[in-house]
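Read through the structure below, which is laid out as structure tokens, and then see the notes.
The values are calculated or read from the model by the stated rules, or taken from the named source; none is laboratory data. Predicted, not measured: the structure shown is a model, and the values here were computed from it. FYI the Cβ positions are ideal-geometry reconstructions off the backbone, even for glycines, and counts take in every protein chain you see. The accessibility values were calculated without ligands, DNA or RNA, using every heavy atom of the protein model including side chains. Shrake-Rupley method; radii C 1.70, N 1.55, O 1.52, S 1.80 Å.
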Amino acid sequence: MSELRFLNLFNFFCVSPTYLERDGETNYYVCRLRHACSNALVLVLIFLIYSVATIWKTLQDYYFMGETVMGLATVILYTSRILVMGPLIAWTIVNKQSLLDLFNRVLLMEKAIQQLRRDGSSTLDLGGLRSLRLEVALIVALLGLTWSVDFYLAWTFGSLLEIVLHIVSFGFPFLEFISSLHRAYTEILVVFISGQLEALHQCIVNEENLNTIRKAMELLNELEQCKLRIASTMGLPHVFYLLDVLVKCSVRAYLIFYLIDLGSDDLTIPITVAMLALNGSSFYLYTYRYNMVQDKEAELKNALKTMQYSNIEHQSIDQKDFYDLINLKLMMESPKITACGLFEINLEVFYNVFAAIITYIVILFQFRSFETSP
């Protein structure tokens, strides 16, 4: 469980209100609230400074930006950052206790499943944890890359003394960094659940002890309740995550084609391509993790369904009745993790967003034709 200590990085960056530490009495990791109000206050101050500077700069350059599609797309990009960050900060404050309960609940589930396993090993999905670290690394790399581009452009155009411009240009990637970390923070729970589903699957393979199977079914019910809690608590952020990635990927993809069309030969195009690739990779990992929960749950349920057909001639009446009850349970549809009931979070969302981005790029180029028309 020591691998989880890096999750406190989210608290260090003011994203999460929870902090993981080892309990002195049980010698086991638990989550506690730490710096919840002060972290939120820091983000609120940064958000307000950025919002005021963005509104001021937009009003100052309103007529210039309104004359081109690229200018309007930039306004939409900056506006979406305000629309996304405000609710996410407020959501974290309002749901801090629910987040604490959820994290402690999955930690207790980890302990219960660990005790069920014969070797007592951890149920943590190390592959999922490594991919989460990779996503955090991509988010940090995107921040560094974006700040490097902004400094390069400021140096090239000699605008180093324009304070308001720098607040907007440097504040935007920082808030994008925070919102991406916020999304990665919520993915910790599905990393836990996918690992626990896999561990339950391993517990029941070739298992004939009804008490073990009964305990595994109870833990599966607990995991389904966790999924319901996750869906009800985190439904709203998923909507803003989708809005965020849709707008910024559409605008950056349009910018690439726009610069190619202008014949730009500087470093802006490859850097923008790299930023778009990092955005897309991060969003893919996000949807992939939720898809993994579905796959692991399907594998576990398939294993439970086939158990009644193993050694069927040696099964007692109680065993057959128990397996029939399991089948009745498995016939019921398991809860899904959705975004406020609008759509289920899985890889299909990634493909739909990719198709929507292409559509919006085409629309932006259609509007651009009006710029060149007499």
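Only residues that are of a type in the set (S, T, N, Q) and either within 30 Å of THR146 (Cα to Cα) or open to solvent by 10 Å² or more (accessible area, probe 1.4 Å) (or both) were counted in segment 178-204, giving 4.
Please determine, by comparing only the residues of segment 215-261 that are modelled with pLDDT of 85 or more and of a type in the set (Lys, Arg), which one is farthest from GLN294 (Cα to Cα). For segment 215-261, the residue satisfying everything is ARG252.
If you go through segment 121-149 and pick out every residue that is at pLDDT below 75, open to solvent by 30 Å² or more (accessible area, probe 1.4 Å) and in contact with a helix residue (DSSP H, G or I) (Cβ under 8 Å, 6 or more places away or on another chain), you end up with 4.
Scan segment 324-346 and report the pairs whose first residue is without any contact (Cβ under 8 Å) to a residue 40 or more places away in the chain and whose second residue is among the aromatic types (Phe, Trp, Tyr) and open to solvent by 50 Å² or more (accessible area, probe 1.4 Å), with Cβ atoms within less than 6 Å and a gap of 6+ or a chain change. From residues that are without any contact (Cβ under 8 Å) to a residue 40 or more places away in the chain, there are no pairs.
Cβ separations smaller than 6 Å between residues 6+ apart or across chains give no pair from segment 189-204 residues that are under 16 Å from ASN302 (Cβ atoms) and part of a helix (DSSP H, G or I) to residues that are of a type in the set (Val, Ile, Thr) and open to solvent by 10 Å² or more (accessible area, probe 1.4 Å). Anything in segment 44-95 that is farther than 20 Å from VAL164 by Cβ, open to solvent by less than 20 Å² (accessible area, probe 1.4 Å) and over 19 Å from the mean Cα position of the chain (by Cα)? List them, or say none. Once the filter is applied, which keeps residues that are farther than 20 Å from VAL164 by Cβ, open to solvent by less than 20 Å² (accessible area, probe 1.4 Å) and over 19 Å from the mean Cα position of the chain (by Cα), segment 44-95 yields VAL69, ALA73.
Tell me yes or no: at least one residue of segment 262-273 is charged (D, E, K, R), at pLDDT below 75, open to solvent by 80 Å² or more (accessible area, probe 1.4 Å) and more than 19 Å from ILE193 (Cβ to Cβ). Yes, there is a match, as at least one residue in segment 262-273 is charged (D, E, K, R), at pLDDT below 75, open to solvent by 80 Å² or more (accessible area, probe 1.4 Å) and more than 19 Å from ILE193 (Cβ to Cβ).
Of note, SER232 satisfies the criterion of being free of Cβ contacts under 8 Å to residues at least 40 places away in the same chain and in a helix (DSSP H, G or I).
Screening segment 12-43 for residues that are open to solvent by less than 50 Å² (accessible area, probe 1.4 Å) and in a loop (DSSP other than H, G, I, E, B) and picking the one that is modelled with the lowest pLDDT gives ASP23. Among the residues of segment 205-217, the one identified as without any contact (Cβ under 8 Å) to a residue 60 or more places away in the chain and either part of a helix (DSSP H, G or I) or surrounded by 20 or more Cβ atoms within 10 Å (Cβ to Cβ) (or both) is ASN211.
For segment 324-358, a residue qualifies if it is open to solvent by 50 Å² or more (accessible area, probe 1.4 Å) and either acidic (Asp, Glu) or farther than 27 Å from LEU276 by Cβ (or both), and the qualifying residues are ASP324, LEU325, LEU328, LYS329, MET331, MET332, GLU333, LYS336, CYS340, GLY341, GLU344, GLU348.
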